[in-house]
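Peer 1: Below you'll find the structure I mean.
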Amino acid sequence: MRLAVDNDYDEIKEIFYKHKEWFPHVRTDYMRRMISKKNIVFQDGVLITFHHAKRKQKIGDVQVNKGETVLHQIANKESGNGKAKKILLEFFEWCPKDVYLSVRVDNLKAREFYDRIAMKLIGTHNWGKGKVKGKVYVKRKSTGRFN
């Protein structure tokens, strides 16, 4: 996996702004912080922001354990070119344990994508005091292979 470096900032910013409909909350200071913490994969025009949990945490009604990965955002510079799927599958293999993510209910394109790559729907999540509904998915890792 290729982690983002400072020189990638302008292109990462451009990709996030292109997808502002789904990422209205992503600010430039967040982008810079994730780059400096080495929590952005940036490869072939695809970005993935993430963190490895340092302690137990909840995503909606789902428990994430220490060492498991929480995927925050995935975005592709050129939608529909197949690169997001390729990079995300590599990301799953690269991560040491299970990978969790949450997605808005109304983001049907993303939810269909997660279904196609065999992520499991395991819970719900809400933002904005319950006004924005979400779903929680996981990609399980066991004995070196995802199930």
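The values are calculated or read from the model by the stated rules, or taken from the named source; none is laboratory data. What you see is a predicted model, and the numbers here were worked out from it, not measured in a lab. Here the Cβ is made from the backbone with ideal geometry for all residues, glycine too, and neighbour counts use every protein chain on show. Accessible surface is based on the protein model in full, side chains and every heavy atom, while ligands, DNA and RNA are left aside. Shrake-Rupley method; radii C 1.70, N 1.55, O 1.52, S 1.80 Å.
Peer 1: Can I get the semi-axes of the range 31-147's equivalent ellipsoid? Compute them from the C-alpha gyration tensor as square roots of 5 times the eigenvalues, in angstrom, largest first.
Peer 2: Its equivalent ellipsoid spans semi-axes of 20, 18, 16 Å.
Peer 1: Calculate the spin-label point distance for E11 paired with N81, positioning each point 7 Å from the Cα along the beta-carbon direction, and give it in nanometres.
Peer 2: 1.0
Peer 1: Something else: Quick one: which residues, 5+ away or cross-chain, put their amide H under 5 Å from the amide H of V105? H built at 1.01 Å from N.
Peer 2: Correct list: K133, G134, K135.
Peer 1: Out of the total accessible area of the chain (probe 1.4 Å, heavy atoms of protein only), what percent is carbon and sulfur?
Peer 2: Using a 1.4 Å probe with all protein chains present, the chain comes out at 50 percent carbon and sulfur.
Peer 1: Moving on. With r as the distance between the Cβ atoms of Q57 and K129 and R0 = 35 Å, compute the FRET efficiency 1/(1 + (r/R0)^6) and round to 0.05.
Peer 2: With R0 = 35 Å, the Cβ-Cβ based efficiency is 0.95.
Peer 1: Apply the Karplus parameterisation 6.51 cos²θ - 1.76 cosθ + 1.60, with θ equal to phi minus 60°, to every residue of the range 46-62 and state each ³J(HN,Hα) to the nearest whole Hz, in sequence, with x for glycine and proline.
Peer 2: For the range 46-62, the Karplus-derived couplings read 10, 10, 9, 9, 7, 8, 9, 4, 8, 7, 4, 8, 10, 10, x, 9, 10 Hz, x marking Gly and Pro.
Peer 1: Apply the Karplus curve 6.51 cos²θ - 1.76 cosθ + 1.60, θ = phi - 60°, to the phi angles in the range 31-44 and return the couplings in whole Hz, x for Gly and Pro.
Peer 2: These are the phi-based 3J(HN,Hα) values: 4, 5, 5, 5, 5, 5, 7, 6, 10, 10, 7, 9, 8, 6 Hz.
Peer 1: Whole-Hz ³J(HN,Hα) for each residue in the range 128-133, computed from phi via Karplus 6.51 cos²θ - 1.76 cosθ + 1.60 with θ = phi - 60°, x for glycine and proline: what do you get?
Peer 2: Here the 3J(HN,Hα) series is x, 6, x, 6, 10, 8 Hz.
Peer 1: Please tell me which of these pairs span more than 21 angstrom C-alpha to C-alpha: K18/K141; K54/K139; K85/K135; K85/K141; K58/K141; K38/K133?
Peer 2: K18/K141; K38/K133
Peer 1: Tell me the per residue accessible area of the range 32-72 using a 1.4 Å probe; a whole number in Å² is fine.
Peer 2: Averaged over the residues of the range 32-72, the accessible area is 50 Å².
Peer 1: Gain in length, L108 to Y30, computed as 0.36 nm per residue apart minus the alpha-carbon separation, to one decimal in nm?
Peer 2: 25.5 nm is the gain from fully extending L108 to Y30.
Peer 1: Taking the Cα centre of the chain as the origin and placing charges on Cβ (Lys, Arg +1; Asp, Glu -1), which of Y100, Q57, V132 is farthest toward the positive end of the dipole?
Peer 2: Checked the options; the winner is Q57.
Peer 1: Right, here's the next one. Under a 5 Å amide H to amide H cut-off, with H placed in plane at 1.01 Å, what residues pair with I59 once short-range neighbours are removed?
Peer 2: It is V64, by chain and number.
Peer 1: Can I ask one more? Relative contact order for the chain: what is it in percent, counting Cα pairs under 8 Å that are at least 6 residues apart?
Peer 2: So the answer I get is 19 percent.
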